[in-house]
Amino acid sequence: MKNDKVALGLNIINDKVGLEKRFSLFGDYSYRVKLNELTFLRLGLKAGFTNYSNNLQAYQLYPDGLSDPLFQGEIDTKFMPNFGVGAFLYHQKYYVGFSIPKIVHNEFKDNFNNFSIQSELRHYFLIAGLVLDMGEAVKFKPTFLTKATVGAPVEFDFSMNFLLLERVWLGAMYRTGDSYGFIAQWIFDKNLRIGYAIDFSTSKLKYHNNGTHEIMVSYELRFLKEQFVSPRYF
């Protein structure tokens, strides 16, 4: 925003997996607090809602012809509000953040059979990263992310990235008990970035897939040029 202490964001997610449909709309607000000339703290709020539907009657049950009363209805939850909070401490060469994106615990309930899915659980995220100079042409950026929720093991993501000539990021990542992968990103100019990543499963899922490919394109529209800081490492 014109007042650089304030930042606004919007997240729109329309997801369909099998017969399960989920639409989410969330807005974000953050306020920047200046701690010193180089260090800042952003405090954030998130609020929005999720629509969820799952037509249980449309599933083909096994064995054929099986009648199950739990699959005779439809889960149709039109509006489930939620909100989250977060804090992000950053410097040009490091950052630390903590967030709880969804604080409210929501269940998707079927009006006919009282069938429920504990889908929106409370997750806790802790992130940190650091940029180290390794000469004029190379910088090294190690990062980690920790995710925790009730009823599941704590998950850790580690990554190591090298920035070459302020133009190309090359690196690798590892997620405990799940996967490892490789990352590349090309910085074409101050606005345009294109990235590619591939990861391979280390769990039993590795027998059912050949890895996941991701392509990222980022283009920043800058209306206030004086706010641009170069280079950006995160």
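What follows draws every value from the coordinates through simple rules; no lab data is involved. Quick caveat: nothing in here was measured; it's all calculated off a predicted structure. In this analysis, Cβ positions are derived from the backbone assuming ideal geometry, glycine residues included, and neighbour counts consider all displayed protein chains.
The Cβ shell under 13 Å around Ser179 holds other residues with a net charge of -2, Lys and Arg each +1, Asp and Glu each -1. Per-residue extension of 0.36 nm, minus the Cα-Cα distance of Tyr29 and Lys2, leaves a gain of 8.3 nm for this segment. Taking the fewest neighbouring Cβ atoms within 10 Å as the starting point, the ordered list for Ile215, Ile187 is Ile215, Ile187. Each Lys or Arg adds one and each Asp or Glu takes one away; over the other residues whose Cβ falls under 12 Å from the Cβ of Phe98, this sums to +2.
Here the extension length gained between Ala184 and Gln57 equals 41.3 nm, from 0.36 nm per residue of separation less the Cα-Cα distance.
Taking Lys and Arg as +1 and Asp and Glu as -1, the other residues whose beta-carbon sits under 12 Å from that of Asn14 total +2. With Cα atoms defining each centre, region 1-49 and region 177-225 are spaced 21 Å apart in the structure. Ranked for footprinting exposure by Cβ neighbours inside 10 Å, fewest first, Lys204, Lys46 give Lys204, Lys46. In this structure, the residue pairs whose Cα-Cα separation is over 26 Å, taken from Lys2/Lys46; Lys147/Lys190; Lys139/Lys206; Lys93/Lys206; Lys16/Lys46; Lys21/Lys46, are Lys147/Lys190; Lys139/Lys206; Lys93/Lys206.
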